[in-house]
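Colleague: Input: one structure, supplied below.
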Number of protein chains: 2
Amino acid sequence: MSYKDFTVEEIDVVMQEAWSAFHAYRKYSLKQRADFMRAIAVELENNSTSLLQTAMKETNLPEPRLRGELSRTIFQLNSYGEACERGQWLDARIDTAMPDKTPPKPDIRKMLVPLGPVVVFGASNFPFAYSTAGGDTACALAAGCPVIVKAHPAHAETSTLVSDIILKVAAANNLPQGVFAHVYGAGTDAGKALVMHQYTSAVGFTGSFAGGKQLFDWGNQRKVPIPVFSEMGSINPVFLMPEKLTADPVAIAKMYSGSINLSVGQFCTNPGLIIGIESEALDQFANALREEIRNVSPGKMLHPGIMKAFNDKKAIALQQKNVSTIAEVENNRDDLATPTIAAASGKTFLENPVLHQEVFGPYSIMIRCTDMNEMLEVAKHLEGQLTSTLMATENDIRNNDELVEAVKNICGRFILNGVPTGVEVCLSMMHGGPFPATTDPRFTAVGADGIRRFARPMAFQNWPDELLPDELKNKNPLGIWRTVNGELSKT
Amino acid sequence: MSYKDFTVEEIDVVMQEAWSAFHAYRKYSLKQRADFMRAIAVELENNSTSLLQTAMKETNLPEPRLRGELSRTIFQLNSYGEACERGQWLDARIDTAMPDKTPPKPDIRKMLVPLGPVVVFGASNFPFAYSTAGGDTACALAAGCPVIVKAHPAHAETSTLVSDIILKVAAANNLPQGVFAHVYGAGTDAGKALVMHQYTSAVGFTGSFAGGKQLFDWGNQRKVPIPVFSEMGSINPVFLMPEKLTADPVAIAKMYSGSINLSVGQFCTNPGLIIGIESEALDQFANALREEIRNVSPGKMLHPGIMKAFNDKKAIALQQKNVSTIAEVENNRDDLATPTIAAASGKTFLENPVLHQEVFGPYSIMIRCTDMNEMLEVAKHLEGQLTSTLMATENDIRNNDELVEAVKNICGRFILNGVPTGVEVCLSMMHGGPFPATTDPRFTAVGADGIRRFARPMAFQNWPDELLPDELKNKNPLGIWRTVNGELSKT
């Protein structure tokens with residue numbers, strides 16, 4: 001199926017509607033927003049058969065993977081809806097008046113309020129969980145913002161099905177017209193028009209560095225700049241510390257072969273960089289990884305564009321001086337991606353920024369450092385990352401404080417003795433990291449704290465109780481956590 | 001006294017030192033950071049005589065004003081220090097492992113960690129509270145970030161005294177070398193070099209739109225963009241609602257004359273725009289304001305540059321078509337600013353964006369709307385503001401929901417029946433607002449929530465208790481509020 005790109009004029013109509021919807025929707029209670037989100041979740045479940053069939057056809061992702069992703073999407077809507085209703089995200093603060101102070105201190109009460117219409121760009125690799133009814137949409141609806149989704153062209157039909165469900169739920173529940181909209185744009189014009197429109201108040205994006213950075217720049221070049229949350233990927237370095245590696249190089253290799261090839265390597269948390277120190281144990285690790293990789297079946301990637309990008313970027317990496325291929329799966333089918341492990345010395349890696357770039361797909365490069373000092377240099381020269389991982393014993397950690405601190409400072413999530421793939425949806429999750437992993441490392445794209453991306457604090461000064469929003473009224477009718485005169489309380 | 005601008009090379013040395021200090025200082029406990037801040041506060045108090053004398057000489061601000069500002073600065077250091085130690089700002093979240101889940105859920109714990117060295121640009125109108133040891137510095141130190149202050153050239157000697165105090169306290173308490181630095185730069189080169197330096201991680205600025213926007217643009221144009229928090233001023237609209245105005249136009253005029261002329265109008269929350277509806281009451285208000293203004297003594301502004309800007313911008317506003325002067329203080333001294341009230345119709349204001357611009361000083365323009373519809377149009381066409389104020393009865397509010405919502409949506413602080421000047425330092429304060437009031441309305445520059453500007457969340461996955469930071473250990477040794485498996489708790 002093919003869809004016509006929206007024109008600038010059509011986008012203007014959509015945004016005008018979203019702007020009027022904003023003035024109605026932001027007054028919806030937390031419970032009303034949560035009910036809307038839960039109703040969408042129910043209808044996604046009710047339509048799962050057609051959703052899965054369409055997504056399988058469009059993305060080449062296997063049914064179990066898509067079924068898991070759809071469950072995750074439903075879980076996100078329900079759990080962010082619950083978080084919305086519980087209201088902790090509002091950061092409500094109340095300081096009551098002190099009329100006897102000089103000068104008298106007025107009553108001041110603060111809470112988060114929605115930013116305005118949010119434009120969401122669907123992600124190619126998550127047709128459900130980071131697309132039309134995905135994490136960004138759920139967070140924005142919870143915050144009180146209308147959502148305008150630009151369908152990802154690689155799964156526009158799935159996106160349309162999901163959009164139809166949301167629009168049906170919105171109509172059935174009398175949500176304001178324009179609270180959700182769905183637009184198409186395979187070229188860049190529609191995307192640019194969306195980001196630049198005066199009524200767009202924030203943008204959520206998951207995808208390539210080039211795409212995400214462009215949106216960020218447009219967002220900042222507007223007359224009124226807006227926040228653009230681009231999650232642009234990462235090479236997710238893994239440091240193999242000496243004592244840990246020596247203890248069981250084969251087990252680590254098995255674990256990492258699985259992580260590198262999970263979903264044909266198409267996760268933004270894929271471990272694309274593995275750093276060790278020259279040793280017998282590192283050789284054993286490399287040999288075991290080679291054996292493991294050879295047992296992996298080549299898989300079909302999301303769409304031909306991603307497959308081509310994988311082959312091109314991998315070829316560029318492998319053509320760099322002093323880079324070798326240490327493992328490659330036998331594969332004579334052009335339509336399947338070949339899992340590949342490259343290797344290079346620490347010196348080569350430090351000197352060649354090309355090797356720091358993400359190769360999206362089943363690929364990882366192993367860096368052989370001469371010693372701990374070189375490993376530390378590698379850590380210090382890494383760009384911002386979604387995750388960093390240490391494979392380490394307590395001794396490894398206690399004896400290498402500078403390395404641990406350097407690795408910690410570049411990432412959003414710091415994993416010990418695990419794999420970076422697998423992003424748990426929970427409040428403690430941080431999915432985001434220093435640039436270029438994301439454009440704003442102060443916010444997460446996963447977990448209910450992501451709601452805050454689409455809100456800003458507003459203070460009410462000297463308002464009588466009956467005119468304040470329920471969230472800030474003296475009697476706390478919603479029973480939410482608030483900081484009252486410096487103390488957190490639910491009463 | 002005159003100070004030599006720092007060269008790009010000198011700034012590089014300063015930033016290298018700040019970067020090494022960062023790696024030491026961010027490991028300081030919350031208590032150690034708070035102790036450092038409290039020690040600075042004590043020494044500011046101990047040196048108040050010389051600080052006040054120098055600041056009076058440099059800024060023309062009278063002693064009571066400066067004494068109050070110094071107390072506020074000391075209060076900020078102490079109260080943000082206390083907030084730092086209490087740790088609520090860390091947003092600590094713990095989700096414990098669920099090994100029986102499929103796939104097993106790992107232990108994840110999240111807290112805010114410092115961004116890195118923070119560059120602070122001193123404000124001309126607050127030589128203490130928003131300069132060298134001011135709000136941005138206090139927030140950054142609490143967050144765990146080293147601070148580099150660029151002295152404001154208009155009070156560089158005061159800034160140097162404060163800097164000397166901080167450096168002395170840092171040395172006496174063995175803080176890492178480079179945790180605080182002070183640089184000079186009357187031109188733009190030093191400022192640009194500071195913002196563009198690879199080790200600068202965030203910027204705080206209070207001043208003009210032109211200056212703040214330039215820093216914001218530089219911050220976004222870097223290879224690695226950084227957050228720039230520019231607080232750029234505002235015209236702080238005041239809406240005189242009909243029932244309230246009719247009840248007591250004279251009292252409102254008296255209150256506003258005081259607010260407009262407070263500290264020679266040199267507050268970013270100065271009410272520069274007063275909007276009413278043509279009526280007898282509005283005439284009475286205008287007459288009373290005229291009388292009140294005539295009793296104001298002209299005052300000396302901060303420095304000749306600000307005085308010139310006031311005269312220039314006021315002249316531009318008064319030269320606009322259909323703008324009249326309704327009150328002006330008699331003043332035949334060139335070195336004193338003349339308090340002035342202008343007036344124009346709603347139509348004139350709507351058609352002429354020049355009248356929407358801030359005239360920093362004792363000036364306000366009164367807009368006479370034909371009716372409530374025109375007042376609503378004015379509200380809808382206003383740019384982002386630090387504050388908006390309604391002078392209104394409950395009836396006025398209940399009968400004009402659309403206006404109230406439009407006014408609320410453009411501001412950071414929404415005041416009822418008061419004046420916008422006077423920014424209480426407390427947790428519930430929001431000092432910041434939609435662009436162009438500030439570059440990032442998601443954060444406040446006043447109150448302990450401002451600490452969050454200089455931090456980002458980081459998650460630890462699968463770390464054993466003994467290797468976690470104290471803030472996240474099972475037993476909660478610091479006794480801070482944390483969200484554990486979804487529930488806020490202090491245990």
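Quick note: the coordinates plus some simple rules give every number you see, no bench work behind them. Just so you know, these numbers come straight off a predicted model, no measurement behind them. All Cβ positions, even for glycine, are placed from backbone atoms using ideal geometry, and neighbour counts span all protein chains on display.
Colleague: Helix A:280-294 against the longest principal axis of chain A: what's the angle in degrees, Cα atoms only, rounded to the nearest 10?
Modeller: 70 degrees
Colleague: Rounded to two decimals, what is Rg over Rh for region B:117-226 when you use alpha-carbon atoms and the Kirkwood radius?
Modeller: So for region B:117-226, dividing Rg by the Kirkwood Rh gives 0.95.
Colleague: Amide H of residue B:369 versus every other amide H placed in the peptide plane: which residues, excluding those fewer than 5 positions away on the same chain, fall under 5 Å?
Modeller: The answer is B:276, B:277, B:278, B:346.
Colleague: Work out how much length residue A:198 to residue A:96 would gain on full extension: take 0.36 nm times their residue separation and subtract the Cα-Cα distance, in nm to one decimal.
Modeller: Answer, rounded to one decimal: 33.0 nm.
Colleague: Every other copy gets compared here: list the nm distances from the residue A:71 label point (7 Å along Cα to Cβ) to its counterparts, shortest first, one decimal.
Modeller: Label point to label point, same position, other copies: 6.3 nm.
Colleague: Give the long-range amide H neighbours of residue A:152: residues separated by 5 or more places, or on another chain, with amide H under 5 Å away, using H modelled in the peptide plane at 1.01 Å from N.
Modeller: A:122
Colleague: Provide the FRET efficiency to the nearest 0.05 for the residue A:398-residue B:475 pair, computing r from the beta carbons and using R0 = 30 Å.
Modeller: Between residue A:398 and residue B:475 the formula returns 0.90.
Colleague: Another question about this same structure. Starting from a label point 7 Å past Cα on the Cβ side, list the distances from residue B:308 to the same position in the other copies, nm, shortest first.
Modeller: Distances to the matching label points in the other copies: 5.9 nm.
Colleague: Along Cα→Cβ at 7 Å, what distances in nm separate the residue B:251 label point from those on the other copies, shortest first?
Modeller: Label point to label point, same position, other copies: 7.7 nm.
Colleague: Sort out for me the Cα centre separation of region B:187-257 from region B:348-395, rounded to whole Å.
Modeller: 18 Å
Colleague: Could you run the Karplus curve 6.51 cos²θ - 1.76 cosθ + 1.60 with θ = phi - 60° over region B:259-269 and give me ³J(HN,Hα) per residue in whole Hz, x for Gly and Pro?
Modeller: 5, 5, 9, 4, 6, 6, x, 9, 10, 5, 9
Colleague: Quick one: angle between helix B:48-59 and the longest Cα principal axis of chain B, in degrees between 0 and 90, rounded to 10, please.
Modeller: 50 degrees
Colleague: Let me ask you something else. Show me the three semi-axes of the equivalent ellipsoid for region A:376-491, from the C-alpha gyration tensor (sqrt of 5 times each eigenvalue), largest first, rounded to whole Å.
Modeller: After scaling each eigenvalue by five and taking roots: 40, 16, 14 Å.
Colleague: Holding the Cα-Cα limit at 30 Å, pick out from A:101/A:490; A:31/A:168; A:313/A:380; B:408/B:473; A:408/B:408; A:254/A:380 the pairs that are longer than that.
Modeller: B:408/B:473; A:408/B:408
Colleague: Follow-up question, since we're still on this one. If you place +1 on the Cβ of every Lys and Arg, -1 on the Cβ of every Asp and Glu, and leave all else neutral, what size is the dipole of region B:1-132 about its Cα centre, to the nearest 20 Debye?
Modeller: Around 540 debye, computed over region B:1-132.
Colleague: What length, rounded to one decimal in nm, is gained on full extension from residue A:291 through to residue A:32, with 0.36 nm per residue of separation minus their alpha-carbon distance?
Modeller: Extending this stretch completely gives an extra 87.8 nm.
Colleague: At q = 0.10, 0.11, 0.12 Å⁻¹, what is the base-10 log of I(q)/I(0) for chain B according to the Debye formula with one equal point scatterer per Cα and no solvent? Please give it to two decimals.
Modeller: Reported log10 I(q)/I(0), two decimals: -0.80, -0.94, -1.07.
Colleague: Tell me what the protein assembly as shown gives for mean residue ellipticity at 222 nm when only DSSP H runs of n ≥ 4 count, each as -39,500 (n - 2.57), the sum divided by the residue total, rounded to 500 deg cm²/dmol.
Modeller: Using -39500 (n - 2.57) per qualifying helix, the result is -12500 deg cm²/dmol.
Colleague: In addition: Just want to confirm a number: the relative contact order over chain B, from Cα pairs under 8 angstrom separated by 6+ residues, in percent.
Modeller: It comes to 18 percent, rounded to a whole number.
Colleague: Put a dot 7 Å past each Cα toward the Cβ at residue A:63 and residue B:278; how far apart are the dots in nm?
Modeller: 7.4 nm
Colleague: Whole number please: convex hull volume per residue, Cα atoms of region A:211-284, in Å³.
Modeller: 110 Å³
Colleague: Once you order the gyration tensor axes a ≥ b ≥ c over the Cα atoms, which shape class does region B:270-401 get: rounded for a/c under 1.5, otherwise prolate or oblate by comparing a/b with b/c?
Modeller: It is prolate, given that a/c is not under 1.5 and a/b is the larger ratio.
Colleague: I need the GluC sites (Glu not before Pro) found in region A:282-358, filtered to DSSP loop residues with at most 11 other beta carbons within 10 Å of theirs.
Modeller: The qualifying sites are A:330.
Colleague: Can you sort A:463, A:19 by how many other beta carbons sit within 10 Å, fewest first?
Modeller: Result, fewest neighbours first: A:19, A:463.
Colleague: Additional query: Share of antiparallel DSSP beta bridges in region A:372-491, in percent to the nearest 5?
Modeller: Here the share of antiparallel DSSP bridges comes out near 40 percent.
Colleague: Taking the simple approach of a point 7 Å from Cα along Cα-to-Cβ for both residue B:23 and residue B:312, what is their distance in nm?
Modeller: 4.6 nm
Colleague: Which value results for Rg/Rh of the protein assembly as shown when Rg is the Cα radius of gyration and Rh the Kirkwood radius based on the inverse mean 1/r?
Modeller: Taking Rg over the Kirkwood Rh, I get 0.98.
Colleague: Now for a separate question. Expressed as a rounded percentage, what relative contact order does region B:119-205 have, with Cα pairs under 8 Å and six or more residues apart?
Modeller: Across region B:119-205, relative contact order equals 36 percent.
Colleague: Using only the Cα atoms of region A:112-180, build the gyration tensor, take square roots of its eigenvalues as a ≥ b ≥ c, and label the shape rounded, prolate or oblate: rounded if a/c is under 1.5, else prolate if a/b is larger than b/c, else oblate.
Modeller: oblate
Colleague: Report the Cα centroid-to-centroid distance between region B:115-156 and region A:434-491 in angstrom, as an integer.
Modeller: 27 Å
Colleague: Round to the nearest 0.05 the FRET efficiency obtained for residue A:247 and residue B:222 when R0 = 45 Å and r is the Cβ-Cβ distance.
Modeller: After rounding, the FRET efficiency stands at 0.60.
Colleague: OK, next. Helix B:209-221 versus the longest principal axis of chain B: what angle, 0 to 90°, nearest 10, using Cα atoms?
Modeller: Tilt relative to chain B: about 30 degrees.
Colleague: By Cβ position, which chain B residue lies least far from the axis that rotates chain B onto chain A, and what is the distance to the nearest whole angstrom?
Modeller: Checking which Cβ lies nearest the axis yields B:220, 2.
Colleague: While we're looking at this one, here's another question. Does region B:274-336 come out rounded, prolate or oblate by the C-alpha gyration tensor, with a ≥ b ≥ c the root eigenvalues, rounded set by a/c under 1.5 and, if not, prolate when a/b is larger than b/c and oblate if not?
Modeller: In terms of gyration-tensor shape, oblate.
Colleague: Can you compute 3J(HN,Hα) from phi for each residue in region A:363-373, using the Karplus curve 6.51 cos²θ - 1.76 cosθ + 1.60 with θ = phi - 60°, rounded to whole Hz and x for Gly and Pro?
Modeller: Karplus values, whole Hz, x for Gly and Pro: 8, 8, 10, 9, 9, 9, 8, 6, 7, 5, 4.
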